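Engineer: Provided herewith is a single structure, encoded as structure tokens, for subsequent inquiry.
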Amino acid sequence: MLNDVQASAIAEKVYGSGKGKDNFIVMCIGNGIGVGVVIDGKLYRGNNGYACEAGHMSINYNGERCSCGNRGCYELYATEGRLLKKSKSKDVRDMMNKYVHKDPLTIRVMDEFIQVTSIAMTNLINIFDPECIIVGSSAASFHKNIIKQIEYLVNLSCIQRRQKYIKVSASNLKDTSIVIGAGSIVFDQLLEGKIALL
């Protein structure tokens, strides 16, 4: 059984920003944080299907305690709910409107988001050596300057910086990639005869 972010990675591979790429990472930032990794054109699932729980990657070992039991997990700093609460915004559109109009609180919140996200992405890049990272879910609607700043910081820090530039971009499927991915999985299984027609 695939999770929602793994379905999103499949959608990006077939229809989205990952089309034509064999090695890439999808980082979905919404109510939680999930990562899907495609290696040599195939979805990487790990031993038990739980690979890439990047939301629980610790980026601050002195940070607050997470519900998973660890300290300083990435999810504690970067989920949609956390960002909205810290910026006192009602939704992502409101938060981005405040960001564009240079609301000091929202700028501080998004600066922290940029810092912690670049750390998380750099860790993933150093482990998986992808061609690119695709940002999905709510964060795909973040202002392009936020994504560009993350891309800049990632390319200052990652090991690969001397050989190649790692592209970080918002998904062109926005927040529909999970639904598209789930549909494409069912369609593929139907064609392969793994699902019987009634």
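Engineer: Using DSSP, restrict attention to beta bridges with both residues in the chain and report what percent are antiparallel, rounded to the nearest 5.
Structural biologist: Of those bridges, close to 55 percent are antiparallel.
Engineer: Starting from the coordinates of the alpha-carbon atoms of the stretch 28-121, obtain the Kirkwood hydrodynamic radius over all distinct pairs and give the value in Å to one decimal.
Structural biologist: In the stretch 28-121 this quantity evaluates to 14.4 Å.
Engineer: So, for the chain, what is the accessible surface per residue at a probe of 1.4 Å, expressed in square angstrom?
Structural biologist: Per-residue accessible area for the chain comes out at 54 Å².
Engineer: Considering the stretch 1-55, what Rg and Dmax in Å follow from its alpha-carbon atoms?
Structural biologist: Expressed in Å, the Cα Rg and Dmax of the stretch 1-55 come to 10.3, 29.
Engineer: For Ser169 paired with Leu156, estimate the spin-label separation in nm (one decimal), with each label point 7 Å from Cα along the Cα-to-Cβ line.
Structural biologist: Placing both labels 7 Å along Cα→Cβ, they lie 2.4 nm apart.
Engineer: Counting other Cβ atoms within 10 Å, keep those with at most 14, restrict to DSSP loop, and tell me which trypsin sites (Lys or Arg not before Pro) in the stretch 50-143 are left.
Structural biologist: Answer by residue number: Lys88, Lys90, Lys102.
Engineer: Go through (1) 138; (2) 159; (3) 110 and flag the label whose value is the computed volume of the Cα convex hull per residue in Å³ for this structure.
Structural biologist: (1)
Engineer: Quick one: go through the stretch 120-139 and flag any residue whose amide nitrogen is under 20 Å from the point 7 Å out along the Cα-to-Cβ line of Val14.
Structural biologist: Within reach of a label on Val14: 134-137.
Engineer: Same structure, new question: Sequence gap at least 6, Cα distance under 8 Å: using those rules, report the relative contact order of the stretch 1-145 to the nearest whole percent.
Structural biologist: Averaging sequence separation for qualifying contacts and normalising by length gives 26 percent for the stretch 1-145.
Engineer: Another question, if that's okay. At 1.4 Å probe size, with the rest of the protein present, what percent of the exposed accessible area of the chain is carbon and sulfur atoms?
Structural biologist: 53 percent
Engineer: Between Asp91 and Cys66, what is the label-to-label distance in nm when each label sits 7 Å out along the Cα-to-Cβ direction?
Structural biologist: Distance between label points: 2.9 nm.
Engineer: Compare the Cα positions of Ala11, Ile134, Val116 along the charge dipole of the chain (+1 at Cβ of Lys, Arg; -1 at Cβ of Asp, Glu; about the Cα centre) and return the one farthest towards the positive end.
Structural biologist: The residue sitting most towards the positive pole is Val116.
The values are calculated or read from the model by the stated rules, or taken from the named source; none is laboratory data. None of the values given here were measured: they were computed from a predicted structure. Note that each Cβ is placed from the backbone with ideal geometry, even for glycine, and that neighbours are counted across all protein chains shown. Protein only, heavy atoms only, side chains kept; ligands, DNA and RNA dropped before computing areas. Shrake-Rupley method; radii C 1.70, N 1.55, O 1.52, S 1.80 Å.
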